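A short write-up of the structure that comes next.
The values are calculated or read from the model by the stated rules, or taken from the named source; none is laboratory data. Quick caveat, the model's predicted, so the values are computed rather than measured. Neighbour counts are summed over all protein chains in view; Cβ atoms, including those assigned to glycine, are modelled from backbone coordinates with ideal geometry.
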Amino acid sequence: MRGNIYALGAGVLLWLSGLGNVCAQDVLPGAAPAPPAIALSADRPAVSLDGHSRYWIDPTGVRTADQVEAAADTLPWHLREKGGSYNIDGKALWLQFDTVDAGGRRWFLELASSGVDQAQLFYRAADGRWATQEAGDSNAVSQWPLPGRFPTFELSTETGKPVRYWLRVGHARVDFASPVAILERSELLASREREQFLLGAYFGLASLIALVAAANAVAYRDRNFGVYSVYVATLAAGQLAYLGVGAQHLWDHWLKWNEVATFLLPGVSSAAALWFTRTVTEPARYSRALDLSVWSLIAALLSAVALDSFLASRLSVTLVLVLIALAMVVVVGLIALAWTHGDDPHVRLIALGFLPVLVMAAFPVARGLNLIPAGWLTRYGVSIGAAIEMPILFYALSLRGSRRREAQVRAAALSHNDPLTGLAHMRSLLQRLESAILRARSMKHACALMAVRIANLDALAAEFGRDAADRALIVAASLLRHAITDIDVAARVGDHEFALLLEGPTTTENALSRAQQVVAGGLRQAEALPPGTTLKFFVTVALLPDRDLDASGSLQWLLNGVKAMPPDSRKLIRPLNF
């Protein structure tokens with residue numbers, strides 16, 4: 001009997017001990033209790049899980065939903081807070097939250113980040129069985145529950161009672177810090193439409209500028225445009241991978257390439273940016289060692305990208321990000337060097353173009369190094385900066401290319417242009433005049449020819465020197481250009497003389513009006529001339545054809561007439577045949 005009493009007492013003690021253990025597990029010190037269920041209603045079309053969910057990191061990464069659910073009360077849960085970042089290499093992150101749908105609307109859970117390795121959502125359906133959905137880079141986007149750039153899952157349609165959800169995330173190489181939110185269907189569709197519109201505009205702009213830059217490189221044999229085209233193309237390719245657009249539209253079923261491209265293409269675009277900066281700043285002009293250092297950094301960056309593609313480790317991707325940050329510093333240094341020591345007038349515009357990308361690229365690089373939390377700028381910063389940068393740099397390169405080609409254009413034009421004024425020379429004028437006279441005879445209309453002489457050119461040279469006389473000739477050429485239309489010709493035909501051919505059907509009133517415009521322009525003060533001086537033009541004008549004169553005879557007739565005008569003549573315009 002006494003033995004039975006002892007046995008009963010021992011059993012009671014064991015039962016109490018077990019009850020005490022269970023109670024201790026239910027109230028684990030430091031464990032966060034399950035947050036209240038999220039009430040889903042039309043008043044809040046978007047609800048972040050920050051503060052409304054708790055998380056636990058499975059150190060083995062192999063627990064199933066059944067195991068996690070069974071042990072939920074014994075696990076060390078923590079409240080998920082805004083800006084949370086989790087190193088889950090070789091592990092798994094579990095998020096648990098509850099919802100109550102009172103309105104019968106369709107709701108979705110979105111992980112607002114591309115490049116997530118694996119995401120699975122579990123909840124008990126009305127029959128008690130698990131409802132499971134899976135997305136992430138481990139599956140083709142077309143096989144996701146809701147295809148798109150971000151992993152997205154549809155929540156239970158059951159209304160009026162709480163539903164518990166378990167979200168499992170597997171992610172390696174960089175910390176998982178994606179915002180997770182519940183969105184009502186219309187809110188989700190609206191956000192996706194906005195994103196697709198903006199991303200379409202960005203990639204369309206990038207494609208256009210890359211193609212036009214490549215065309216300019218071929219047409220003008222301009223190396224700057226060629227390298228810029230490569231830079232823009234690789235930058236756009238890097239954003240295709242980083243933003244998930246490539247996985248969604250271009251390489252849906254190329255899972256291995258998608259895994260590699262997310263880290264490879266942004267690194268390659270950074271190397272291309274450094275190459276482009278080297279091309280436009282030309283550091284070899286200042287130091288061969290500096291130029292060699294830039295090439296070495298480009299080679300190191302590309303080597304690190306290749307190594308990361310092979311190893312696919314946290315250490316290798318950190319090395320790539322550190323080299324990208326170093327490349328950004330070098331870009332700033334090269335532009336500052338060209339600004340302070342170079343003679344390129346467009347370097348400030350180039351620096352202005354680089355500034356948006358340099359500033360915005362700092363956010364995703366810092367996020368990759370886990371220095372700042374994930375956010376809108378970490379996802380879209382580079383795209384925003386590039387959209388601002390591309391047209392500015394293209395315009396700067398166009399100005400720079402025009403300046404560099406100017407000497408070539410002037411040299412090529414010497415065969416048919418006057419080297420000092422840039423106007424056509426006499427041979428070109430005679431060819432056009434001959435054609436104009438033949439056309440006027442056949443069409444039975446008149447063209448006009450004017451001879452213009454700078455009457456006070458010798459006086460300017462005697463008083464202010466030959467340089468002032470040359471500037472007077474250039475000013476006169478500029479005035480004559482403004483007096484003609486696209487179909488007319490202005491030419492220099494002597495030391496003091498110019499000629500204007502008005503090719504189209506011309507009347508005496510029109511010819512005299514042009515002559516008066518030339519004379520009035522010369523009498524206005526020009527900044528290039530010495531103070532207080534103006535140009536005194538003598539003009540003869542005639543309608544052609546006249547008699548049987550050919551082009552050479554007609555020009556000589558007008559030149560003889562303008563040279564015969566007395567130096568003190570008060571009449572500055574002399575019509576010869578009307």
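Numbers for the structure displayed
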read-out	value
Residue check for A351: part of a helix (DSSP H, G or I), in contact with a helix residue (DSSP H, G or I) (Cβ under 6 Å, 6 or more places away or on another chain), at pLDDT below 90 and among the small types (G, A, S)	yes
For Q239: the one exception among (1) surrounded by fewer than 21 Cβ atoms within 10 Å (Cβ to Cβ); (2) in a helix (DSSP H, G or I); (3) touching a Ser or Thr at 6+ places or on another chain (Cβ under 6 Å)	(1)
Scan of the stretch 330-374 for residues that are under 26 Å from S313 (Cα atoms) and without any contact (Cβ under 8 Å) to a residue 12 or more places away in the chain, ordered by number	L371, I372
Residue list for the stretch 125-154, filter: among the charged types (D, E, K, R), surrounded by 17 or more Cβ atoms within 10 Å (Cβ to Cβ) and at pLDDT 95 or above	E134
Residues that are closer than 17 Å to D495 by Cα and either touching a helix residue (DSSP H, G or I) at 6+ places or on another chain (Cβ under 6 Å) or part of a helix (DSSP H, G or I) (or both), drawn from the stretch 523-556	L535, F537, F538, V539, T540, L555, Q556
Single residue of D308, D344 found to be in a loop (DSSP other than H, G, I, E, B) and assigned by TED's automatic domain parsing to the domain that holds V232	D344
Subset of the stretch 242-263 [without any contact (Cβ under 8 Å) to a residue 40 or more places away in the chain and either assigned to a helix (DSSP H, G or I) or surrounded by 24 or more Cβ atoms within 10 Å (Cβ to Cβ) (or both)]	G246, H249, L250, K256, W257, A261
Residue in the stretch 285-300 that is surrounded by fewer than 21 Cβ atoms within 10 Å (Cβ to Cβ), on the phi > 0 side of the Ramachandran plot and not hydroxyl-bearing (S, T, Y) present	no
Close pairs from the stretch 546-568: first more than 21 Å from I454 (Cβ to Cβ) and assigned by TED's automatic domain parsing to the domain that holds G494, partner of a type in the set (D, E) and part of a helix (DSSP H, G or I), Cβ under 6 Å, at least 6 apart	A551/E434
Filter pass, A455 being over 51 Å from the mean Cα position of the chain (by Cα) and over 14 Å from L423 (Cα atoms)	yes
Test: residue in the stretch 521-535 that is within 26 Å of R441 (Cα to Cα) and crowded, with 22+ Cβ neighbours inside 10 Å	no
Test set (1) under 17 Å from D418 (Cα atoms); (2) hydrophobic (A, V, I, L, M, F, W, C); (3) in contact with a Cys (Cβ under 9 Å, 6 or more places away or on another chain) - V493 fails condition number	(3)
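Here's the yes/no breakdown for (1) under 24 Å from E259 (Cβ atoms); (2) surrounded by fewer than 17 Cβ atoms within 10 Å (Cβ to Cβ); (3) hydrophobic (A, V, I, L, M, F, W, C):
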position	(1), (2), (3)
V116	yes, no, yes
Q120	yes, no, no
S156	no, no, no
W166	no, no, yes
A177	yes, no, yes
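A quick yes/no check of all residues on (1) crowded, with 20+ Cβ neighbours inside 10 Å; (2) assigned by TED's automatic domain parsing to the domain that holds H346:
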site	(1), (2)
H171	yes, no
S207	no, no
G226	no, yes
L265	yes, yes
A271	yes, yes
F276	yes, yes
